[in-house]
Each structure stands twice: as structure tokens, then as C-alpha cells.
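Here is the structure we will look at, set down as C-alpha cells.
Read-outs throughout are calculated quantities, based only on the coordinates presented, and are distinct from any laboratory measurement. Keep in mind the model is a prediction, meaning the values are calculated, not measured. Virtual Cβ from ideal backbone geometry, glycine too; neighbours counted across all protein chains shown.
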């Protein structure tokens with residue numbers, strides 16, 4: 001269920017409000033936009049990931065200075081963890097993209113990306129740029145600069161501090177520094193330079209803070225002669241809220257990363273250090289840069305007229321400004337500078353709509369539809385203030401067009417229903433960067449025109465042509481789906497185009513331990529009425545697959561059926577692919593329509609191949625029953641069930657010694673001791689379980705924000721040690737230990753084909769008398785690390801602490817990770 005709360009400030013810009021209620025500005029917010037219309041300057045903030053951006057500065061420049069402000073995130077955050085669900089990798093990147101857009105809707109910035117894939121933690125910028133395609137990412141940064149034309153660039157990170165932070169972070173600053181010069185070079189990316197033109201930003205800053213100096217004391221004593229201090233906590237009486245409060249609400253949209261933020265009122269100093277460009281004598285990043293309308297040829301008259309509008313603006317009757325705003329629109333149409341012409345025409349048009357109280361929407365009767373389908377649109381046009389004429393409504397990329405010439409009188413709604421047929425070639429809704437298989441470091445994007453955009457541009461737009469004060473303006477509105485919920489009231493969802501049939505394999509990875517045959521459900525869902533066809537399953541011949549291939553009939557849109565396939569593996573260990581298809585009159589459908597639905601972002605559609613990995617695993621197990629205590633969210637319980645374990649997910653309130661005695665092992669979810677406060681009071685019970693003969697397996701935690709310092713029965717200190725190279729060397733320290741020998745013989749082969757990393761946040765110190773280190777891992781150019789897997793006997797049982805990234809390896813079907821984990825569970829059996 002979606003809830004859409006109004007935030008304190010919603011800024012009209014070039015944003016697409018997917019599935020959101022159309023924004024409506026009050027008089028104070030309209031005046032804020034008049035101030036923005038009168039400012040011709042731009043700031044681009046650059047960093048590596050979603051949640052790296054400084055929302056205080058983005059909001060400050062957008063709302064206080066009224067600059068055209070944007071955030072360029074080099075990645076979409078695919079490599080992070082997810083605190084609100086089980087989605088990882090591409091799905092997490094999709095969520096975090098939408099969280100950034102939600103943040104920008106609050107702080108007023110725009111949002112851009114490169115094609116860089118967040119492959120996980122990197123220790124050095126050299127490693128980062130070796131995995132990314134440096135030249136392609138640099139080209140994307142240059143392209144964003146040439147398109148956005150910032151006067152000022154601000155980096156979140158320092159290009160000079162290699163090794164002090166995430167390699168992605170330092171790489172983002174270095175790429176920004178290089179792009180600062182190359183954007184003005186007509187010989188760099190010369191074809192794009194001819195199309196976009198070149199651009200030279202005037203200044204490049206580094207957004208420094210005490211963190212980069214190690215302590216507040218060191219920062220207080222640092223030389224700040226090249227720094228500007230900006231009060232980002234400034235209060236805006238027009239909207240009754242401080243900049244830091246806006247920024248806090250923006251920051252809190254990063255819910256998948258757990259960045260809920262409480263605002264701090266009062267002075268909030270942000271420091272930026274000049275790295276490139278002309279020195280500054282005062283305290284303005286725009287010093288010496290013309291940000292008035294005289295910046296553009298023919299702009300002086302526009303500036304004079306906007307000044308008049310601001311002086312005469314009537315907060316009680318903003319419609320009085322419409323006549324002059326239309327004059328401004330006509331003047332802007334004549335200026336030669338295309339960059340500012342396009343930006344300011346859109347801003348002016350939005351102001352005209354806001355001052356007129358103009359409300360426009362085109363609502364569909366369904367949230368999901370298919371190419372070629374016919375449906376009804378509910379059209380509404382209401383002008384609450386003044387008069388205008390609705391001349392025409394047309395849907396882009398279709399044959400739909402309706403001439404009207406209907407008067408829009410004050411506060412009189414014009415509403416009607418129209419039949420609309422989607423063109424048969426309407427593309428499916430799908431994130432453009434996920435349409436083609438990607439490499440570990442880069443997304444493959446076929447359409448070069450969309451590179452940098454946060455989302456795939458919508459195909460179907462309702463264009464309302466309205467005559468206001470003698471000028472015909474076109475207002476673009478996306479088609480949306482709207483319905484009334486008995487509890488929530490009016491609810492909006494995006495209108496999205498999907499295939500006729502969705503084929504979903506219930507388990508994307510099917511792992512066979514000692515099982516002879518497994519039953520695999522195949523879900524088939526129709527998004528059209530009266531459909532019939534046949535399911536087809538393909539896999540190598542050494543797999544035996546039995547299922548019904550009789551014709552399947554669907555009578556109604558939304559109907560779903562399940563076909564059960566019996567899968568029998570070959571005798572030898574192997575990994576293969578199962579491909580599911582649905583055939584309708586000779587046309588093959590082989591996509592799974594995935595819906596991602598969270599309250600704080602619009603519903604997302606992702607089309608995935610209807611494929612699954614089949615793994616015949618050579619694995620032995622001792623013990624069957626596992627208690628799993630969830631942490632920050634992972635799919636480990638489901639993965640363990642796949643290889644035959646009985647897994648019960650327990651809440652902290654269910655932890656008791658009597659209950660735990662029934663289990664062969666207790667497994668703690670990732671970051672459980674960072675996220676589950678109640679565990680601080682359950683450690684004695686868990687240790688007692690171990691002491692009486694149980695196995696306790698604790699997966700990784702971070703050393704920041706632990707709910708208890710007593711993680712283990714013995715002393716152990718977590719560090720920031722990690723091995724990010726999934727192909728790195730592994731050395732066996734305790735070769736005769738049961739963990740490496742029983743019931744599965746673990747060899748170097750079991751560490752092949754790992755994904756993203758070996759492990760993270762290993763213990764740096766531990767009780768050497770009681771803990772036995774099992775493995776030693778080594779990153780290139782670094783010393784061996786022995787803390788990735790520690791085992792200690794405690795009473796009759798075993799306590800195991802591991803930073804190995806099982807939570808990433810299991811979903812990827814890495815055979816060796818399953819075999820090793822089975823040994824951990826089997827210990828002592």
C-alpha cells in the first residue's frame with residue numbers, strides 16, 4: 001500500500017513524478033520558484049553512490065541560492081546491503097535509484113548517473129578503475145558536465161587521500177577532476193562535443209569535514225584559507241522550515257541503507273575547499289560569475305520583467321502574475337542560448353500553471369497493460385484561478401489526438417473519458433541500464449541518448465495544449481493509474497507496459513544435494529484477457545524434466561496458474577541453466593515481470609529472463625534443524641532450505657534455552673548485532689545453548705553501533721579488514737580441523753567462482769587460546785588476514801564467527817560456500 005505524504009517543499013522542475021500525486025505549490029513556494037527563475041547559475045555535486053551526497057548542500061544551493069542543482073552518482077548502489085528487504089544487486093540498485101529520486105523531489109535537485117556498476121567494496125581507486133571501464137565512466141562524467149553546464153562542481157571525496165576510504169569514493173573525485181578539464185576540450189569525445197558543445201566549469205571544490213582529518217580537533221586547527229564556510233542550517237521564513245530540516249527529510253529517503261535522519265536546527269557549517277579554478281575573496285562559490293539574466297544575449301529585458309513580477313507578486317492572488325509570466329515565456333523563446341532557454345521555459349511554464357491553479361491529469365483504468373491493448377483514459381483539466389482554453393489533448397508516440405477548444409473557467413472542472421489503444425510497438429517498461437546483460441564493472445546501454453538519465457524516459461505522455469493569455473502552451477503529464485483505497489483514500493501508481501505473459505520460475509537457483517527429484521513450481525501470469533498457449537522448459541539432456549505441456553487457457557487479465565515440473569539431476573555434479581518459455585501462436589515469451597513495491601518509492605517493474613540455475617551439488621550434511629535469527633536482511637534461510645535443512649526463523653522474543661535445544665545449530669543473520677537491539681539481552685541464553693552442546697554461527701557485523709560488546713564467550717574485537725577480490729588467494733591454516741574435512745573435504749576448488757568479495761569486517765583481535773583461525777585470506781599487495789573464520793569450543797559446543805560473505809555466495813549458487821557452511825553446521829555431530 002502506498003502512502004504519499006506532502007513534504008514541506010515540493011519543487012516543480014524537469015522531474016518525472018512516477019506514480020506520485022501531482023505537486024501543487026502554495027503562494028510561498030511559487031515565490032521561491034520566481035526567485036529560481038531569476039537565477040542563472042548551476043552547481044553539480046559528484047560522488048560514488050546513492051547516500052554519498054550531502055543533502056544539506058544540495059538543498060542549500062537549490063532552495064536558498066536558487067541555483068540549478070544536481071547530484072551525479074557514479075553508481076546506483078547495487079553492491080550495498082538492503083535493510084528493508086531481500087533485494088540485492090540489480091534490484092537493490094533499482095530501489096536505491098528511486099530513493100535518490102525521492103530525495104531530490106524533497107531537496108529540489110536533479111539526479112544523474114553514469115554506467116558504472118557498483119561491484120562492491122574496493123580498497124583503491126586503481127582497483128576500482130580497473131574493474132570499471134575508466135574511459136567509459138570518464139566519458140559519462142564529461143557528458144553530464146557538458147549537458148548540465150555547471151558553473152561549480154563540488155566533490156564529496158578527496159582525490160588526494162588514496163586508501164583512506166572506499167576506492168569508489170576516491171575514484172569519483174579523480175574522475176571529476178579529470179573531467180573538469182576534458183569537458184572543455186573539443187578533441188575529447190569529439191563527436192559528442194560537436195553535438196553537446198564543450199563546457200568549462202569555473203570552479204571545483206572538495207566538500208571537506210572533520211572526518212577527513214581524523215578528528216574535530218585536527219580539523220579545527222587545519223588551514224582553512226582555501227575553504228569556504230557555508231551555513232547550511234539557514235532558516236527560510238517563507239516556507240517555515242530550515243534548510244537542514246529539508247535536507248534531513250531528503251536524507252531519510254535512503255531507507256534501504258538505514259539512513260533515517262533527525263534534523264538539527266540552528267547553524268550548520270559546511271566547508272568546501274577550492275581545488276581548481278579562480279581564487280575567491282568572499283564567501284560565494286559564484287563570485288565573479290554572472291548569474292543574472294544579462295548572462296545570456298537578450299536576457300536583460302527578461303530580468304527586468306521578472307524583477308517587476310517579484311515586486312508586484314500578490315501572495316493572496318498569484319494569478320495576477322500570469323499575464324507577465326506569459327510575456328516572460330515569449331521573451332525566453334527568442335533567446336539563442338538553448339541550454340538556458342530550455343531550462344527557463346520549463347520553469348516559466350510550471351509557474352504559469354501554479355499561478356493559474358491549473359490541475360491536469362490523464363488516469364488509466366489499470367496499472368499494467370500490454371502493447372496493442374485498448375483501455376479508457378479519464379481526463380481532467382481544472383483551472384482554479386483565471387480563464388484559459390483547452391485546445392487539444394494528444395498522447396505522444398501514439399495516434400491519439402483530440403481537438404477540443406473547451407473553455408476552462410475559474411474552478412470549473414472539465415472531465416471526460418476517452419478510449420485509447422496503445423500502439424503494438426510500445427516498448428515494455430524496464431530500466432534502460434538493465435535491458436542487456438552487464439559485466440561486473442559496467443552496464444551495457446545500447447541507446448546512447450539515455451546515458452546519464454536516472455530512469456527510462458516515459459513513452460506515453462499526455463500533452464495538454466492550453467491557451468493562456470493568448471499563448472498556447474503544452475503541458476506534459478504522464479499517464480498514471482489512480483484508485484481509491486478505503487483506508488488511504490486517493491492512491492497513485494505508475495502506468496506501466498508489460499509483456500502479455502509473465503513466466504516466473506519460483507526458485508532462481510535449484511540446488512540438489514542428495515535428493516533424487518525436486519518439484520519446481522513455474523508461475524505463469526497473464527496481463528491480457530483470453531490467452532492460451534503452452535509452457536516449454538529447456539535444459540541439457542542429462543537433466544530429466546517432467547511437466548505437462550498441454551495447452552493452458554487464461555480467461556481474464558491478472559489470472560495466474562502454476563505448473564509443477566519434476567526435476568531429476570544427473571548422477572555427477574554439474575551446473576546448468578533451465579530456460580522457461582510460454583508459446584502463444586508461435587510467439588515466445590520468456591520474461592518474468594518482477595514488481596518491487598515499497599511505500600516510500602513508486603512501484604517498479606523489472607523484466608528478468610525466465611531462467612534458473614540447476615546445480616547438482618556434491619554435498620554431505622550432519623544435522624537437520626536450524627534456528628535462524630534474522631539481522632539486516634538476507635536469503636540465507638531460504639538457501640539453507642534448498643539443500644535440505646529445516647530452518648525456523650526465530651524472533652528474539654522466542655529465544656529460550658528450552659526452545660534452542662531442539663536445533664542442531666543457531667545461525668545469526670548478517671549484522672544482527674547491529675540491527676536487533678533485543679539481542680543484547682539474549683546472549684547468556686545463546687551462550688548457554690552452546691555450552692550444553694549447540695553450534696552457534698555468527699555472520700558478519702560492523703564494529704560501529706553494536707548492541708552489545710559481548711559478541712562471543714571469549715574476547716574478540718572486530719576490525720574493518722575485508723577482502724574485496726573474490727578471486728584472491730585462500731590459505732588453509734587448520735588443515736586437519738573438522739571444519740575443513742567433515743563431512744565434506746574442503747579444497748581450493750570450493751573457493752572458485754565466488755562473487756563480489758571473499759568477506760568483510762573480519763575480527764582483528766581474538767582470544768588466541770580459545771579461537772582457532774581456519775583460513776587466511778590475502779588481498780593483492782596486502783598481508784595475510786587470519787580472521788575470516790574463527791572456531792572456538794565452549795563447553796560441549798562450538799562458537800563460530802565468520803566474516804565470509806555467505807549471504808552473497810548462496811544466492812549466486814556458489815557450490816563451495818554451501819559445502820563449507822554444511823561443515824560449520826555439522827561441527828561436533
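Axis angle, to the nearest 10 degrees, between helix 322-333 and the longest C-alpha principal axis of the chain: 80 degrees.
Peptides 336-346, 111-121, 718-728 ranked from most to least packed, by the mean per-residue count of other Cβ atoms within 10 Å: 111-121, 718-728, 336-346. Report note on the peptides 515-522, 66-73: ranked by the mean count of other C-beta atoms within 10 Å, highest first, their order is 66-73, 515-522.
Sequence-distant contacts, meaning Cα pairs under 8 Å at least 6 residues apart, place the relative contact order of the chain at 10 percent.
Could you give the length gained on full extension between residue 829 and residue 638, defined as 0.36 nm per residue of separation minus the Cα-Cα distance, in nm? Please report the intermediate quantities before stating the final value.
Working: separation 191, 0.36 × 191 = 68.76 nm, distance 2.28 nm.
Taking residue 829 through residue 638 to full extension adds about 66.5 nm, to one decimal.
The alpha carbon centroids of region 575-600 and region 300-365 are separated by 46 Å. Which of the three applies to region 190-256, rounded, prolate or oblate, going by the alpha-carbon gyration tensor with a ≥ b ≥ c and a/c under 1.5 meaning rounded? Here region 190-256 falls in the oblate category. Cα centroid separation, region 205-246 to region 755-813: 39 Å. Remark: relative contact order (region 39-291) = 24 percent; criterion is Cα-Cα distance under 8 angstrom and separation of 6 or more residues. For residue 796 and residue 704, a Förster radius of 41 Å and the Cβ-Cβ distance give a FRET efficiency of 0.75, rounded to the nearest 0.05. Summarising the label geometry, the points placed 7 Å from Cα in the beta-carbon direction at residue 684 and residue 467 lie 8.3 nm from one another.
Tell me whether region 501-616 comes out rounded, prolate or oblate; compute the Cα gyration tensor, take square roots of the eigenvalues as a ≥ b ≥ c, and use a/c under 1.5 as the rounded threshold. Since a/c reaches 1.5 but b/c is at least a/b, the shape of region 501-616 is classed as oblate. Viscosity 0.692 mPa s, temperature 37 °C: give me the Stokes-Einstein translational D for region 740-829 in µm²/s, with Rh taken as the Kirkwood radius over C-alpha pairs. Rounded to a whole number, D works out at 236 µm²/s. Packing order of peptides 357-363, 500-506, 94-100, highest average first: 94-100, 500-506, 357-363 (average count of other Cβ atoms within 10 Å over each peptide's residues). DSSP bridge analysis restricted to region 625-826 gives an antiparallel fraction near 55%, rounded to the nearest 5.
Each DSSP beta bridge with both residues in region 39-291 is either parallel or antiparallel, and the antiparallel ones are about 40%. The angle between the Cα long axis of helix 89-107 and the main principal axis of the chain comes to about 30°, on a 0 to 90 degree scale. Once divided by 2.2 N^0.38 Å, the Cα radius of gyration of the chain becomes 1.04. Only DSSP H runs of four or more residues enter the estimate; each adds -39500 (n - 2.57), and after division by the residues of the chain the mean residue ellipticity at 222 nm equals -6500 deg cm²/dmol.
Taken along the Cα-to-beta-carbon direction at a fixed 7 Å, the label points for residue 561 and residue 748 span 5.3 nm.
Express in nm, to one decimal, how much length is gained between residue 213 and residue 649 on full extension, taking 0.36 nm for each residue of separation and deducting their alpha carbon distance. Can you show the working numbers first?
Working: separation 436, 0.36 × 436 = 156.96 nm, distance 4.34 nm.
That works out to 152.6 nm of additional length.
Looking at the chain only, what percent of DSSP beta bridges run antiparallel? Nearest 5 please.
Numbers: 115 of 159 bridges.
If we restrict to bridges inside the chain, about 70 percent are antiparallel.
Our summary gives region 501-616 a relative contact order of 34 percent, counting only alpha carbon pairs under 8 angstrom and 6 or more residues apart.
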